[in-house]
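Here is the structure we will look at, set down as structure tokens.
The values are calculated or read from the model by the stated rules, or taken from the named source; none is laboratory data. Quantities reported herein were computed from a predicted structural model and do not represent experimental measurements. Heads up, the Cβs are rebuilt from the backbone with ideal geometry, glycines too, and the neighbour counts pull from every protein chain shown. We work out accessible area using only protein heavy atoms, side chains counted, and drop any ligands, DNA or RNA first. Shrake-Rupley method; radii C 1.70, N 1.55, O 1.52, S 1.80 Å.
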Amino acid sequence: MNLLKQIIRIMVSASIGIPIVAYLNLKGILMMIFFFGIYIVVSMIIEGIWAFFAKKQTLNYKKK
């Protein structure tokens with residue numbers, strides 16, 4: 001599951017970051033910091049969503 005989360009993080013971060021970097025015309029270290037920030041935010045969101053669904057799945061399993 002960690003590989004799946006990693007792939008999702010990279011794809012979402014790139015799809016959000018590339019158009020914004022092109023629009024803002026960022027270059028060099030500023031671009032790398034910007035992408036790292038987007039990656040961190042996306043990671044936090046994905047972990048929250050993942051924990052919610054894992055908890056929900058566990059509750060459904062215990063009811064059966």
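Mind checking the per residue accessible area of the chain for me, 1.4 Å probe, whole number of Å²?
Per-residue value: 84 Å².
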Original post:
How large, in percent, is the carbon and sulfur part of the accessible surface of the chain at a probe radius of 1.4 Å?
Top reply: 76 percent
Subject >> Under the Debye formula (equal points on every Cα, no solvent term), log10 I(q)/I(0) of the chain at q = 0.12, 0.14, 0.16, 0.25 Å⁻¹ >> reply: -0.41, -0.51, -0.60, -1.01
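Between Met32 and Ile8, how high is the FRET efficiency from 1/(1 + (r/R0)^6) when r is the Cβ-Cβ distance and R₀ = 25 Å? Nearest 0.05.
0.75
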